[in-house]
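Trainee: Just dropping this structure here.
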Amino acid sequence: LSKNFVIVGGGPVGLWTAIQLRKRFPNSSVFIYERYQEYKRKHVLKIQHSSMFFGACRQHDELDAKFFEAVFEQSRGKTKYTPLAKSFISTSSIESNLKQWALSAGVEIQYETIETLDDLVTRNPDSEFILANGAHSSLRTQLLGDDDIEKSDLQHILELKTRVGKSLSQLRSTRANGAVKGRLKHLGFEYIGREDNAMTPLSFRLFVDQQTYSQVPEASFKSPITSPDVLPDCVQEDLSMYAQLHDFNLETLFEHGQVSKLQLSVYHAKAFAATYRDHNFYLVGDCAMGVPYFRALNCGLVLGSRLTSILHHRSPVAMYNRYKPVHQYAESMLAKSKNTALNSYDELRKLYRRENVKRLGLVND
Ligand SMILES: Cc1cc2nc3c(=O)[nH]c(=O)nc-3n(C[C@H](O)[C@H](O)[C@H](O)COP(=O)(O)OP(=O)(O)OC[C@H]3O[C@@H](n4cnc5c(N)ncnc54)[C@H](O)[C@@H]3O)c2cc1C
């Protein structure tokens, strides 16, 4: 079977899908349009190895082996590739290794932003199209209309990111102070980064209720809050308590610190496939659906593999849309069950806190 596939978006899911296509359709051409020469995301990902296994075409050839060796050798803990294992990998590592693999497998990449579906179709008249251009895809809206996604919020988070003049080991020893943590009004999780030039990055996420969240002024990662004064009292109190945990005060946290708002939600596109000007379009990765970010890429990789196997089918648009509820249900259930576990843990934590308040008179509500 010989086809021309054009993918918009050379992020990890676009590249993974391209590789899968080259394996399943060796006589077909696979072309990617990517906006940036250098991938923009910079964070660490948790990858379940099964996400690259489930439904994927594994040929165990030289390119295949080289990729898994390179990626999982670089991961923290140097886990060997096995379907049940998981690894922590930087986005730049997974992206650059996938790119190398895709190029070696014959995928072509052109660095260009695609603005409209019309432009895409006019320039590639004999192709099928895959949209892998992320969560905020305007091409998806052109394909499916303004109500292109359905979304439900799971958690509301305030995230403090800062750098402090303490070593990793000092911070690790003070964070064991569970008594202070138990006194927080909201559920809080801390992540300690790698020390650099005598400064260590810290991020602290507070899971707040919707009402508290709405009292915080708009603050994205790009334009965050840089002073605690605009935050509701209950948030300031929790941040002060968190500062105490490491023997700081609130001002020290904000010296190099800032707060942004984020919502953990589950969303999915109205359809995973549609036709436009007689051309088939398929959605993968964050463009198709999103779950809270600790699993989002995993969900995208599984979907990419599944799509490429469905493309062998005689009516792939209908088939991929029939597969949509299965994938959506499995991934949403996983996210919602984790969310329920998190909420139950928070209820227990509050109960324990109320007991402590009564017993020791520790905190005034
Ligand atoms: C802080 C954080 C932590 C995370 N941790 C995890 C984790 O632990 N585990 C996990 O599974 N997931 C995690 N995720 C989610 C994961 O990063 C995303 O799910 C994943 O990057 C999605 O890949 P993608 O290829 O679908 O989209 P993207 O990575 O968004 O890539 C889309 C690509 O399309 C390109 N593009 C966009 N528009 C156009 C256009 N018009 N023309 C051409 N190119 C275009 C962009 O430049 C980009 O390269 C995390 C996310 C964040 C923010």
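The values are calculated or read from the model by the stated rules, or taken from the named source; none is laboratory data. Here the structure is a predicted model, which is why all the values come from computation and not from measurement. No Cβ is skipped: glycine too gets one built from the backbone with ideal geometry, and neighbour counts run over all protein chains shown.
Trainee: Can you tell me how many residues within the range 266-300 are of a type in the set (Lys, Arg) and in a loop (DSSP other than H, G, I, E, B)?
Mentor: Of the residues in that region, 2 qualify.
Trainee: Report the residue count in the range 261-272 for those that are surrounded by fewer than 19 Cβ atoms within 10 Å (Cβ to Cβ) and either within 14 Å of the chain's Cα centre (by Cα) or hydroxyl-bearing (Ser, Thr, Tyr) (or both).
Mentor: 4
Trainee: Could you say whether any residue in the range 303-324 is within 15 Å of Gln20 (Cβ to Cβ), modelled with pLDDT of 95 or more and assigned to a loop (DSSP other than H, G, I, E, B)?
Mentor: Checked against the condition, which is being within 15 Å of Gln20 (Cβ to Cβ), modelled with pLDDT of 95 or more and assigned to a loop (DSSP other than H, G, I, E, B), the range 303-324 yields at least one hit.
Trainee: Among the candidates Gly300, Gly285, Gly290, which residue alone is modelled with pLDDT under 95 and closer than 30 Å to Asp118 by Cβ?
Mentor: On the way: Gly300 fails: modelled with pLDDT under 95; Gly285 fails: modelled with pLDDT under 95.
Going through Gly300, Gly285, Gly290 in turn, just one is modelled with pLDDT under 95 and closer than 30 Å to Asp118 by Cβ: Gly290.
Trainee: So, in the range 210-258, how many residues would count as being assigned to a loop (DSSP other than H, G, I, E, B) and surrounded by 18 or more Cβ atoms within 10 Å (Cβ to Cβ)?
Mentor: Final tally of qualifying residues: 6.
Trainee: Which one is nearest to Phe272 (Cα to Cα) among residues in the range 111-136 that are charged (D, E, K, R) and near the ligand (Cβ under 7 Å from one of its atoms)?
Mentor: Glu115
Trainee: Within the range 8-27, how many residues turn out to be within 13 Å of Val284 (Cα to Cα) and either of a type in the set (Lys, Arg) or near the ligand (Cβ under 9 Å from one of its atoms) (or both)?
Mentor: Qualifying residue count for the region: 10.
Trainee: Still on this structure, I have one more. I'd like to check something: does the range 300-321 contain any residue that is touching a strand residue (DSSP E or B) at 6+ places or on another chain (Cβ under 8 Å), within 22 Å of Ile47 (Cβ to Cβ) and surrounded by fewer than 19 Cβ atoms within 10 Å (Cβ to Cβ)?
Mentor: no
Trainee: Please specify each residue of the range 28-40 satisfying the condition of being within 9 Å of the ligand (Cβ to nearest atom) and crowded, with 18+ Cβ neighbours inside 10 Å.
Mentor: Of the residues in the range 28-40, the ones within 9 Å of the ligand (Cβ to nearest atom) are 32-36, 39-40.
Ile32, Tyr33, Glu34, Tyr39 - these are the residues of the range 28-40 that are within 9 Å of the ligand (Cβ to nearest atom) and crowded, with 18+ Cβ neighbours inside 10 Å.
Trainee: The conditions are (1) within 9 Å of the ligand (Cβ to nearest atom); (2) in contact (Cβ under 8 Å) with a residue 12 or more places away in the chain, and Ala102 fails exactly one of them. Which is it?
Mentor: (1)
Trainee: Tally up the residues in the range 188-200 that are within 21 Å of the chain's Cα centre (by Cα) and either surrounded by 17 or more Cβ atoms within 10 Å (Cβ to Cβ) or acidic (Asp, Glu) (or both), please.
Mentor: 3
Trainee: Further question on the same structure: Find the residue count for the range 276-296, including only residues that are near the ligand (Cβ under 10 Å from one of its atoms) and basic (Lys, Arg).
Mentor: 1
Trainee: Moving to a separate point now. Can you spot a residue in the range 38-53 that is under 12 Å from Val107 (Cβ atoms) and under 20 Å from the mean Cα position of the chain (by Cα)?
Mentor: No, there is no match, as no residue in the range 38-53 is under 12 Å from Val107 (Cβ atoms) and under 20 Å from the mean Cα position of the chain (by Cα).
Trainee: Could you check, for the range 339-346, whether at least one of its residues is under 19 Å from the mean Cα position of the chain (by Cα), more than 18 Å from Lys151 (Cα to Cα) and within 12 Å of the ligand (Cβ to nearest atom)? Break it down stepwise before answering.
Mentor: As a first pass, look at the range 339-346 and keep what is under 19 Å from the mean Cα position of the chain (by Cα): 339, 342.
Then drop every residue that is not more than 18 Å from Lys151 (Cα to Cα), which leaves 342.
Adding the requirement that they be within 12 Å of the ligand (Cβ to nearest atom) leaves none.
No, the range 339-346 contains no residue that is under 19 Å from the mean Cα position of the chain (by Cα), more than 18 Å from Lys151 (Cα to Cα) and within 12 Å of the ligand (Cβ to nearest atom).
Trainee: Yes or no: Asp278 on the phi > 0 side of the Ramachandran plot and modelled with pLDDT under 95? Before the answer, list the steps.
Mentor: Values: on the phi > 0 side of the Ramachandran plot: yes; modelled with pLDDT under 95: no.
No.
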